[in-house]
1. Please compute P(r) over all alpha-carbon pairs of the range 195-274, binned at 10 Å starting from zero, and give each bin as a whole-number percent.
2. Hey, rough spin-label estimate for residue 341 and residue 363, points 7 angstrom out along Cα→Cβ, what's it come to in nanometres?
3. Could you give each residue of the range 110-118 its phi-based ³J(HN,Hα) in whole Hz, using Karplus coefficients 6.51, -1.76, 1.60 with θ = phi - 60°, and x for Gly or Pro?
4. Taking the Cα centroid of the range 232-276 and of the range 121-194, what is the distance between the two, rounded to the nearest whole Å?
5. Which pairs, out of 178/364; 225/463; 284/414; 284/463, put more than 24 Å between their alpha-carbon atoms?
6. Under 5 Å between amide hydrogens, which residues at least 5 positions from residue 338 or on another chain qualify, with H placed 1.01 Å from N in the peptide plane?
7. With 10 angstrom as the radius, rank 156, 301, 247, 267 by how many other C-beta atoms surround their C-beta, starting from the fewest.
8. To the nearest 0.05, how large is the calculated FRET efficiency for residue 404 and residue 134 if R₀ is 41 Å and r is the Cβ-Cβ distance?
Amino acid sequence: MTTCNLREPLGNRLNPLIYIDSSQKLDDFGMNLVKNLRKYSRRRFWELPLKEGNIMKKYLICLLIGFLLAAFSSLAVAETELLLWHMETPPHRVETFQVLIDEFEELNPGISINQESVSWGDAYTKLFSAIQANVMPDICFTIPDFTLNFLPMGVVQPVEDLIAELDEKYGYIQAQLKPYEYGGHFWAVPTWGMTLSMWYRADWFEEIGMKVPKTWAEMLEAGEKFLEQDRYLIAMPTSHSLWGDQVVYSFMAANGARVFDDQGNIVFNSEETLETFRFLNELKKYSPPGTSTWNWGDGHVSLMGDQSAMLPIFGGIRNWEQNAPGLANKMKNTHVPISNTNTGQLGSYSTPNAAMILSQEQQKIEAAKDFLRFLMESERNGWWLANMEPGTYLPITEAAMESDSFWSHEIISKHERSLRNIVDLQEYGSLFGFLSESPSEALGTISAENIISAAAHRMFLDKMTPEEAVEWGQRQMEQIE
């Protein structure tokens, strides 16, 4: 019996004893066969013996087999296609995402994922337009106030079932779950954390004979000593910016100040906030000039340019290791110094990044959950965060916090002591507006307009006293509410 091997050249598949001249076009060859078929009735054709010479029958059988194989192969390709949006635009982060996507697709041949990186500057308008046009991504990475902005549009899927499953298996840091729980549901799956802390030049503090400040009073004392050496204590933004919001709120949190009370009422104009603003106004003289327009990059430049001793930031060790390795060896980390009042406490700006499921199709929803389960597996999660941005993106489950894949990363292992300090601080981190059971509807706008730093900015420019700035911030927030 003659077999038909679809991996062999066509001439050999038809019959190993029949030679097809390479100069003869395959189309011509097939057309000749079709013409010859007309000599036979349907019944007579299928009664022809499958032996040498009956090339017509063999040719059509091979075509039929090929058609069937193609049909079955189409069933084997991805049945579910997911569109994934994230805001990690640097090439090395996109590449890290793709490594994980490739691995997931290999383990799940029925699912394919296409990633698209979107800058935070475009994210709000682009997602809003996509939802209105019903072409939104199936999975979209998010931060808490970003989620809150899109929840009223009715497309965000509740994920408390998946949260419970992951929490039982890996143990979430509960403070990192809180910002996504409201209205009796969880609306996104937290995947990593970012907690602002204080990086500092250990060698400079040794030179002035001081330990790194742990309180506001110690900061002011160190500031005076650094001024004597024509150095600055802290690269602190006095700008109306997101970084400004993060830094000002971190000092507010270290003094027990809040923007909203437990009932969601705006309480920005409080004694704790006023104490914080008075302190920051005094701290300003120990920061370099020209900080009224600063953003994150400017702080790094100040630190790497031997201008400032301390930098309040989420991370930066990858940048320092690549661009200033000598400086990286001198950097250490501590918590944001706390106030000397009776409300002083550990606290800082902390935002868990998460993934929303926006698909409206059940099959895609389940596929999206499978992908998030995959990402949160402890060793894989550790590898992902370590390679995406070492030292900035931190595990937020107990299992991933102890993963070998995270701590064995070259940069992370070198700065393990400092990074373990930040990992521990995540328990005390918070995000204004998400401490109450029901976040205010005004939160998204207050956050998007950076009103906290806008109030401080007016004070830093000497346009308002601390009292006037705090009162102005309260009024602006109430007008939004």
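Computed from the coordinates by the stated procedures, all read-outs in this text should not be read as laboratory data. The model shown is predicted, which means the values in this text are computed figures rather than measured ones. Heads up, the Cβs are rebuilt from the backbone with ideal geometry, glycines too, and the neighbour counts pull from every protein chain shown.
1. Whole-percent P(r) values from 0 Å outward: 15, 39, 31, 11, 3.
2. A separation of 5.9 nm, rounded to one decimal place.
3. Per-residue couplings from phi come out as x, 10, 10, 10, 10, 9, 9, 8, 10 Hz.
4. About 25 Å separates the Cα centre of the range 232-276 from the one of the range 121-194.
5. Beyond 24 Å between Cα atoms: 178/364; 225/463; 284/414.
6. 215, 216
7. 301, 267, 156, 247
8. Details: r = 43 Å, r/R0 = 1.06.
Efficiency for this residue pair is about 0.40.
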